Amino acid sequence: MRQQNLDLRVHDRVALDEIELYAEMLSAVAAAERPLTVAEIDMVLGVRSGEAGRRELTPQD
């Protein structure tokens, strides 16, 4: 069923950001010669380890 009044200018920013992260992860895996470590995955995803081993998002510019 197709909606007649679908506004194609509307974007789901969260979904687009997730797709971009997924693409970055696929690129990193494809370039690696071995499985990525947790630290390498965190780096690709922009996550850093905080105190007591907690993960925190790295601020993006």
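The values are calculated or read from the model by the stated rules, or taken from the named source; none is laboratory data. Since this is a predicted model, take the numbers as computed values, not measurements. Quick note on the areas: whole protein, heavy atoms, side chains included, nothing else; ligands and nucleic acids left out. Shrake-Rupley method; radii C 1.70, N 1.55, O 1.52, S 1.80 Å.
At a glance:
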| item | result |
| --- | --- |
| Subset of the stretch 5-38 [modelled with pLDDT under 90 and in a loop (DSSP other than H, G, I, E, B)] | 5, 6, 7, 8, 9, 10, 11, 12 |
| Test: residue in the stretch 39-58 that is modelled with pLDDT under 85, assigned to a loop (DSSP other than H, G, I, E, B) and open to solvent by 60 Å² or more (accessible area, probe 1.4 Å) | yes |
